[in-house]
């Protein structure tokens with residue numbers, strides 16, 4: 001190993017600063033970097049701007065823990081249960097602190113990150129015309145297309161300070177691979193100034209170079225690689241484990257009031273030192289239930305020459 | 001077999017909105033069941049796309065609660081990025097999308113953002129996700145909603161996903177080059193829109209509901225034709241398929 005491999009504690013401490021704009025959960029429901037989010041909470045990071053399309057309950061946890069000043073996103077909730085209560089408390093009651101919102105649709109957020117990736121100041125789109133989201137957004141603009149005269153909405157580029165991605169595997173230099181649907185993973189990584197990747201498994205360089213079609217981010221853009229098994233639990237990771245729906249249900253029921261959330265935080269974040277201790281609380285037998293049950297292997301392809 | 005629940009009536013009505021060879025922006029919950037039902041009945045060539053970046057032409061390997069669950073990825077025909085899926089929408093290649101809603105109004109405008117004012121909401125809802133994109137860009141969209149008075153206000157508190165706006169040529173004036181709602185499917189009825197005036201009208205009432213119950217439980221009043229047919233009830237075969245994909249009744253009980 002070595003290369004760019006760091007512990008979670010080191011990676012978050014070195015590459016996430018107070019006040020940073022951090023993109024996480026870019027793959028949508030799968031591969032959400034929960035372990036990294038929990039380490040951010042433990043390190044008491046403050047005034048973060050979180051960027052992500054549908055953050056599931058990770059953003060809710062960071063909001064409740066008081067790490068967040070602003071969210072740039074399209075949907076903030078609990079995907080299988082509905083509402084996320086810390087988000088609601090922050091917006092409805094200013095608890096634990098008021099939250100600044102810059103709301104997108106999934107597509108407009110994708111375009112903002114793509115513009116960041118491409119190095120252009122904005123991208124035009126036909127989406128959100130007529131939506132109140134276009135009316136309230138602080139920096140969307142409109143233009144008439146100089147070629148067709150069509151009405152277009154302009155989405156300004158987003159360039160986050162740091163992207164935190166969870167991936168199935170990478171080599172020690174940060175060449176990261178993914179399979180299955182990818183959401184905004186590539187755009188998030190390529191738009192950001194720094195990239196931390198959390199992986200289930202650090203593999204040899206040859207594993208990557210024998211299947212480069214699966215590489216979503218090349219290592220030269222990556223600052224840190226963290227090997228953290230089950231680091232995305234309760235979200236799924238292709239090739240490793242499926243979604244723990246029950247955990248989302250329990251979170252939903254246990255965090256309805258602030259006191260319940262604080263108890264949750266104590267049990268699952270402050271009460272454990274790292275992901276390994278979190279996994280001990282869950283227990284090996286419990287985790288077994290989410291391992292791959294039905295293999296669905298791809299046929300190897302020949303990259304030979 | 002036990003008779004259909006209101007949710008099962010909605011699933012069946014939703015499935016009937018899907019045409020063979022449609023490219024359907026599926027979503028989760030009831031529309032996913034509608035898609036699976038349509039595939040096994042009248043629309044075997046329809047394909048389903050998911051905004052995580054995925055296309056399938058067959059049901060997931062096991063029942064799923066989110067589009068990112070592994071049984072939805074296994075057996076897919078295309079896994080890709082969200083931008084590819086959104087590009088299909090923007091370029092007009094998606095024929096139908098389904099939207100859930102907290103509120104829908106007489107012009108089919110959908111709210112999933114907030115109850116009350118945006119700046120100080122009584123209830124803050126999760127937001128758009130991909131819903132606004134579907135409403136703006138798909139060839140047509142269908143709204144699925146529980147038939148309750150507070151969910152069917154004359155005007156939504158916030159237009160997350162635009163329908164026909166204020167009616168007439170509102171969509172065109174905004175710059176939307178296609179689309180709009182083709183149906184609102186509630187737990188009691190199906191509402192459609194006059195293609196010329198974009199005025200809502202009551203299309204059919206589900207078995208077990210009456211016209212009075214439909215109207216009492218909504219704030220706005222769709223045009224009511226001289227005779228309103230009953231929504232054809234789910235067949236035994238249709239119910240069997242739904243219960244195969246939702247064995248615990250997680251979505252339909």
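The values are calculated or read from the model by the stated rules, or taken from the named source; none is laboratory data. The shown structure was predicted, so the numbers you read here are calculated from the model rather than taken from an experiment. Because the Cβ atoms are built from the backbone with ideal geometry, glycine has one as well, and the counts that use them run over all protein chains shown.
If I filter the range A:96-109 down to residues being surrounded by fewer than 16 Cβ atoms within 10 Å (Cβ to Cβ) and touching a residue at least 24 places away in the same chain (Cβ under 8 Å), which single residue comes out as farthest from residue A:25 (Cα to Cα)?
Among those that are surrounded by fewer than 16 Cβ atoms within 10 Å (Cβ to Cβ) and touching a residue at least 24 places away in the same chain (Cβ under 8 Å), it is A:97.
Give the range A:1-58 a look and list any residue that's assigned by TED's automatic domain parsing to the domain that holds residue A:201 and at pLDDT below 95, or say none.
A:54, A:55, A:56
As an exercise: evaluate residue A:116 against (1) free of Cβ contacts under 8 Å to residues at least 12 places away in the same chain; (2) more than 20 Å from residue A:68 (Cα to Cα); (3) more than 8 Å from chain B (Cβ to nearest Cβ) and give the number of the one condition it does not meet.
(1)
Taking the range B:48-70, which residues are surrounded by fewer than 20 Cβ atoms within 10 Å (Cβ to Cβ) and at pLDDT 95 or above?
Result: B:55, single match.
Evaluate the range B:9-16: report whether one residue or more is over 22 Å from residue B:188 (Cα atoms) and either assigned to a loop (DSSP other than H, G, I, E, B) or in contact (Cβ under 8 Å) with a residue 24 or more places away in the chain (or both).
Taking every residue of the range B:9-16 in turn, none turns out to be over 22 Å from residue B:188 (Cα atoms) and either assigned to a loop (DSSP other than H, G, I, E, B) or in contact (Cβ under 8 Å) with a residue 24 or more places away in the chain (or both).
Would it be correct to say that residue B:4 is part of a loop (DSSP other than H, G, I, E, B), modelled with pLDDT under 95 and either surrounded by fewer than 24 Cβ atoms within 10 Å (Cβ to Cβ) or away from chain A (no Cβ under 14 Å) (or both)?
When the stated conditions are applied, residue B:4 passes them.
Just need a number here: residues in the range B:63-83 that are facing chain A (nearest Cβ under 8 Å), part of a loop (DSSP other than H, G, I, E, B) and in contact with a helix residue (DSSP H, G or I) (Cβ under 7 Å, 6 or more places away or on another chain).
Result for the range B:63-83: 1.
Can you confirm whether residue A:140 is farther than 28 Å from residue A:202 by Cα, more than 9 Å from chain B (Cβ to nearest Cβ) and in contact with a helix residue (DSSP H, G or I) (Cβ under 6 Å, 6 or more places away or on another chain)?
Yes; evaluated as a whole, the condition is true for this residue.
Residues checked against (1) under 12 Å from the mean Cα position of the chain (by Cα); (2) touching a residue at least 60 places away in the same chain (Cβ under 8 Å):
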residue	(1), (2)
A:155	no, no
A:158	no, yes
A:161	no, yes
A:166	yes, yes
A:174	no, yes
A:178	no, yes
A:190	no, yes
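Can you list residue pairs whose Cβ atoms sit under 6 Å apart, with the first residue in the range A:217-236 being within 14 Å of chain B (Cβ to nearest Cβ) and farther than 12 Å from residue A:31 by Cα and the second being outside any strand (DSSP E or B) and at pLDDT 95 or above? Count only pairs 6 or more apart in sequence or on different chains.
That search, which allows pairs on different chains as well, returns A:217/A:189.
Do you know which residues across the range B:150-163 are crowded, with 23+ Cβ neighbours inside 10 Å and out of contact with any helix residue (DSSP H, G or I) (no Cβ under 6 Å at 6 or more places or on another chain)?
B:152, B:156, B:163
(1) on the phi < 0 side of the Ramachandran plot; (2) within 14 Å of chain B (Cβ to nearest Cβ): which one isn't true of residue A:156, the others all being true?
All conditions are met except number (2).
One residue is enough: does the range A:67-80 have a residue meeting the conditions in contact with a strand residue (DSSP E or B) (Cβ under 8 Å, 6 or more places away or on another chain), modelled with pLDDT under 95 and buried (at least 23 other Cβ atoms within 10 Å of the Cβ)?
Within the range A:67-80 (the criterion being in contact with a strand residue (DSSP E or B) (Cβ under 8 Å, 6 or more places away or on another chain), modelled with pLDDT under 95 and buried (at least 23 other Cβ atoms within 10 Å of the Cβ)), the answer is yes, since at least one residue qualifies.
More than 17 Å from the chain's Cα centre (by Cα), more than 11 Å from chain B (Cβ to nearest Cβ) and free of Cβ contacts under 8 Å to residues at least 60 places away in the same chain: which single residue out of A:70, A:2, A:46 fits that description?
Matching residue, one of A:70, A:2, A:46: A:46.
Answer yes if at least one residue in the range B:36-47 is closer than 22 Å to residue A:247 by Cβ, surrounded by 20 or more Cβ atoms within 10 Å (Cβ to Cβ) and touching a strand residue (DSSP E or B) at 6+ places or on another chain (Cβ under 8 Å), and no otherwise.
Among the residues of the range B:36-47, not one is closer than 22 Å to residue A:247 by Cβ, surrounded by 20 or more Cβ atoms within 10 Å (Cβ to Cβ) and touching a strand residue (DSSP E or B) at 6+ places or on another chain (Cβ under 8 Å), which makes the answer no.
Determine whether the range A:165-179 contains at least one residue that is under 21 Å from residue A:119 (Cβ atoms), within 14 Å of another protein chain (Cβ to nearest Cβ) and crowded, with 18+ Cβ neighbours inside 10 Å.
Yes; the residues of the range A:165-179 include at least one that is under 21 Å from residue A:119 (Cβ atoms), within 14 Å of another protein chain (Cβ to nearest Cβ) and crowded, with 18+ Cβ neighbours inside 10 Å.
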